[in-house]
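In what follows, a single structure is set out as structure tokens and then discussed.
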């Protein structure tokens with residue numbers, strides 16, 4: 001880039017950190033503003049990433065080469081037998097992914113922020129564009145910041161999105177996710193990634209590295225279970241033990257006892273006995289309501305939204321961390337490929353391509369949600385052969401990040417655009433994941 005620019009990144013979680021690291025390597029002066037006062041916590045939860053993306057993060061020195069991770073090479077679907085009530089396997093599919101602990105990913109990124117200003121406990125209360133083209137930001141602690149570029153990486157409830165794009169909308173998907181993590185001591189699963197399907201929902205498990213995994217080998221069992229919940233019941237489901245109404249989720253240790261009992265009853269009804277026991281044994285389950293959201297088109301080429309601030313996807317199509325890492329890498333490589341071009345022109349072109357990609361991912365996630373939760377097939381009638389046909393019909397030649405034959409194509413997030421004339425070129429920006 002010919003010009004020197006200052007960039008403010010709002011949000012210091014995974015999306016903010018990875019974007020800051022990569023942009024700073026392009027010579028952009030980056031400052032991060034994070035509203036939380038302490039180190040962020042991922043509630044001990046796990047994330048699943050495609051192996052090529054993890055390898056790319058290592059190649060770019062975003063992750064240590066020995067970052068704790070557990071490989072997954074297959075997933076299997078089980079149903080509750082109508083005869084014995086035990087689990088019976090009905091489908092298996094090869095995949096290429098690995099599981100990580102959210103905290104390991106976050107800490108790997110945080111320690112690479114050397115030389116980047118990081119301000120905790122800074123909540124942006126006002127953002128406006130000045131006549132000279134710079135952004136002016138006020139904060140609750142009365143600090144004032146100015147920047148040429150603002151990147152909103154402040155999550156699903158982005159304050160920057162709410163202020164700058166107030167017409168952004170979101171839609172409740174019609175179901176919630178119960179989630180939990182527990183020590184993998186008393187419970188051992190026969191498969192690394194089992195799905196337990198039932199009418200209008202399913203449960204999935206996967207192991208993740210625990211704290212100090214390198215020394216102890218300790219693993220945790222991470223699970224997520226979907227339940228269809230009508231919108232008129234959502235407010236009650238998102239009210240915690242202190243009678244506080246939440247908008248999207250109830251954190252661990254805040255569930256009302258009635259909600260916990262409902263979860264246990266639901267698990268007993270839908271799952272094989274030994275699997276339901278795992279759910280009942282989880283000490284601090286929590287709730288996440290599922291939404292679809294995407295920012296509308298906008299003209300400003302000095303404002304970029306990353307990760308969950310840009311779009312909220314149902315978890316079926318990939319984790320928020322995967323989306324954040326992929327987008328940041330793609331932005332980095334897009335700018336790197338055109339270092340002599342005007343940075344603001346590049347950002348304008350990239351965000352337009354990002355929006356197109358996000359719209360496609362939202363539609364894919366909706367299709368998967370319908371197939372797996374709101375309108376699934378009759379699982380009792382399914383066989384391996386019927387499953388193969390069903391999955392092909394669901395995906396309709398689209399790629400899912402974890403299937404080996406499609407994992408490379410999932411890396412090709414955006415088509416490149418020639419910055420000098422704005423025309424699409426035939427080549428695809430290959431993230432080389």
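Where a number appears in this text, it was derived from the coordinates with a stated rule and is not lab data. Model, not experiment: these values are computed from the prediction. Note: ideal-geometry Cβ built from the backbone for every residue, glycine included; neighbour counts use all protein chains shown.
Structure values in brief
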item	result
Helix 14-24 axis, angle to the chain major axis (alpha carbon atoms, nearest 10°)	30
Shape call, the stretch 194-285: gyration tensor on alpha carbons, a/c limit 1.5	oblate
0 to 90° range, to nearest 10: angle between helix 257-270 axis and the chain longest Cα axis	60
Computed Kirkwood radius, in angstrom, where 1/r is averaged over Cα pairs of the stretch 92-209	19.3
Label-point gap, in nm, between residue 258 and residue 380 - each point 7 angstrom along Cα→Cβ	3.2
Nearest-ten-degree value, helix 384-395 long axis tilted from longest Cα axis of the chain	30
Global geometry of the stretch 1-86, whether rounded, prolate or oblate, following the gyration tensor of its Cα atoms and the 1.5 cut on a/c	prolate
nm² value of the averaged projected area, convex hull over the Cα atoms of the stretch 261-387	11.4
Peptides ranked, highest mean first, by Cβ atoms within 10 Å: ranges 341-353, 313-325	313-325, 341-353
Rounded to 5, percent antiparallel among DSSP beta bridges of the chain	75
Sequence ranges 18-25, 239-246, ranked by mean other-Cβ count within 10 angstrom, highest first	18-25, 239-246
Cα extents of the stretch 158-239 along the three principal axes, largest first (Å)	49, 35, 22
Helix-derived mean residue ellipticity, 222 nm - over the chain, DSSP H n ≥ 4, -39500 (n - 2.57), to 500	-9000 deg cm²/dmol
Ratio Rg/Rh [Cα only; Rh per Kirkwood] for the stretch 1-156	1.14
The chain - percent relative contact order, Cα under 8 Å, separation 6 or more	20
